[in-house]
Amino acid sequence: MSNAKWADRGNEVFIGTYNRFPAAMVKGSGCRLWDADGKEYLDFLAGIAVCSLGHCHPRVTEAICRQAGTLVHVSNLFHTLPQIELAELLVAHSFADRVFMANSGAEANEAAIKLARIHSGPGKFEIISLAGSFHGRTLATVAATGQAKFHQGFEPLPLGFIHAEFGDPQAIERLITPQTCAIFCEPLQGESGVRPLEPAYLGAIRDICDRHGLLLIFDEVQTGLGRTGALFAHEQLGVTPDIMTLAKALGNGLPIGAMLTTEKIAASLVAGSHASTFGGNPVAAAAAVEVLRIMLADGFLESVRATSRYFVERLEEVAARYPRLASGVRGRGLLLGLVLTEQGIEQGLVIVQRLFEAGVLINFAGNLVLRFVPPLVVSTEEIDLLIEKLCQVFDGLA
Ligand SMILES: Cc1ncc(COP(=O)(O)O)c(C=O)c1O
């Protein structure tokens, strides 16, 4: 059955929350996808920074199949082996001592918000996040998200979420009240246009938290797990949070999230205070264990950094060649954005659409930049192919 027929069937039954490309994807391998018409795509979206090891990585697929044939679900009324192994790996390779398992980024962030509040005690419930941030689509994470377009129509939102102007530590400090319990931010804003937070700015935020007795929460749902060339983006920035959330790349496509923190802070969540039926499901956890083993192997993160250097150079060439459309490159590791000029921004959606037609998948983040989040295993030849197609599309617009 063709893409068009699948799309018709889908459009008959789904609530229209997504503006989908007119393709039904049926198969993936590495950095390639195939649709129902048999068309091949070069994937620089990776399920929105999820399939970091590429589609259907053989070792992850093997781990999923093995676990699916052994034990699929028992709830968190019991211990399960993959979940323990996963938590051990996360603790061994991060600042954290304790882990709570969830199913998604928003759910991991909900856990972080609840922990910050309960740990800080009665009356201390306000959380300051940043303008332009994105933290998820549940009501609390929508409220934490610093973009009005995600709030509209869903008011009244949960109380206690305050947004500070991006880039100025004093703007955050001015918003602190006796009710404030935490500062919540992404080390690099992905959804609003690939905006990195500079080390000095993050250092100043850490300092504010220390001086005012606030918790620092890093949302590493998109930046975590190798995406920026380190296991966690904050490691490159010299700033350690008190709480960190992960999701996206953790299961390489299986839904799993995690909230990590220190022993002392974790003690505030006791039996019955928070839970998830599926959180840390054995099959998703088995996938995540394999993901971490692969990412922690010698040379993996170094190769992400080397690929990133090559990709940045190639994107800078594009920016230099098309100054009318693009003004520069920003981001870290393989979370990169080609910043568009005003004229480029007008064409942003057309560029994404034409690349799609040419068999290349990217997206337009924050209506500002062309965002590239390929699998971390992308080759230089695949980057060259993307650049070639991008230049062809830009030539067509000139
Ligand atoms: C930084 C960040 N936090 C949270 C989320 C929400 O994650 P999920 O869609 O898994 O709930 C996202 C998703 O894009 C994200 O980029």
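The values are calculated or read from the model by the stated rules, or taken from the named source; none is laboratory data. Small disclaimer: the values here were computed from a predicted structure and weren't measured. Positions of Cβ are backbone-derived with ideal geometry, glycine not excepted, and every protein chain shown enters the neighbour counts. In case anyone asks, the SASA skips ligands and DNA or RNA and just uses the protein heavy atoms, side chains included. Shrake-Rupley method; radii C 1.70, N 1.55, O 1.52, S 1.80 Å.
Please verify whether the stretch 8-23 includes one or more residues that are within 23 Å of the chain's Cα centre (by Cα) and touching a residue at least 40 places away in the same chain (Cβ under 8 Å). Yes, the conditions are met somewhere in the stretch 8-23. Beta carbons closer than 6 Å, at least 6 apart along the sequence or on distinct chains, pair a first residue in the stretch 49-70 that is more than 22 Å from Thr228 (Cα to Cα) with a second that is within 16 Å of the ligand (Cβ to nearest atom) and at pLDDT 95 or above for Ala63/Ala287; Ile64/Ala287.
Quick one: which helices (runs of 4 or more DSSP H) lie wholly within the stretch 26-133 and hold at least 2 residues that are away from the ligand (no atom under 16 Å from the Cβ)? Give the derivation first.
Working: elements: 46-49, 58-68, 81-92, 105-120.
Helices (runs of 4 or more DSSP H) meeting the threshold: 58-68, 81-92, 105-120.
For the stretch 254-264, does any single residue satisfy the condition of being within 16 Å of the ligand (Cβ to nearest atom), open to solvent by 10 Å² or more (accessible area, probe 1.4 Å) and not acidic (Asp, Glu)? Yes; the residues of the stretch 254-264 include at least one that is within 16 Å of the ligand (Cβ to nearest atom), open to solvent by 10 Å² or more (accessible area, probe 1.4 Å) and not acidic (Asp, Glu). Please tell me if Gly280 is touching a Phe, Trp or Tyr at 6+ places or on another chain (Cβ under 9 Å), more than 13 Å from the ligand (Cβ to nearest atom), closer than 20 Å to Ile48 by Cβ and of a type in the set (Gly, Ala, Ser). In short, no.
Here is the figure for the stretch 215-229: residues that are open to solvent by less than 10 Å² (accessible area, probe 1.4 Å) and away from the ligand (no atom under 12 Å from the Cβ) total 5.
Has the stretch 148-155 got any residue that is within 22 Å of the chain's Cα centre (by Cα) and open to solvent by 40 Å² or more (accessible area, probe 1.4 Å)? Can you show your working first?
Here is the first cut: in the stretch 148-155, the residues within 22 Å of the chain's Cα centre (by Cα) are 148-151.
Those still in the list that are open to solvent by 40 Å² or more (accessible area, probe 1.4 Å) too: 148-149.
Yes, because at least one residue in the stretch 148-155 is within 22 Å of the chain's Cα centre (by Cα) and open to solvent by 40 Å² or more (accessible area, probe 1.4 Å).
When the test is whether a residue is open to solvent by 30 Å² or more (accessible area, probe 1.4 Å), of a type in the set (D, E, K, R), closer than 14 Å to Leu214 by Cα and in contact (Cβ under 8 Å) with a residue 12 or more places away in the chain, Glu165 does not pass it.
Residue under question is Leu89, and the condition is that it be crowded, with 18+ Cβ neighbours inside 10 Å and aliphatic (A, V, I, L, M); does it hold? The answer is yes for Leu89. Here is a check on your reading of the model: is Glu235 under 17 Å from the mean Cα position of the chain (by Cα), at pLDDT 95 or above and within 15 Å of the ligand (Cβ to nearest atom)? Answer is no for this residue.
Restricting Ser104, Ser120, Ser129 to those that are crowded, with 24+ Cβ neighbours inside 10 Å, hydroxyl-bearing (Ser, Thr, Tyr) and modelled with pLDDT of 95 or more reduces the list to Ser129.
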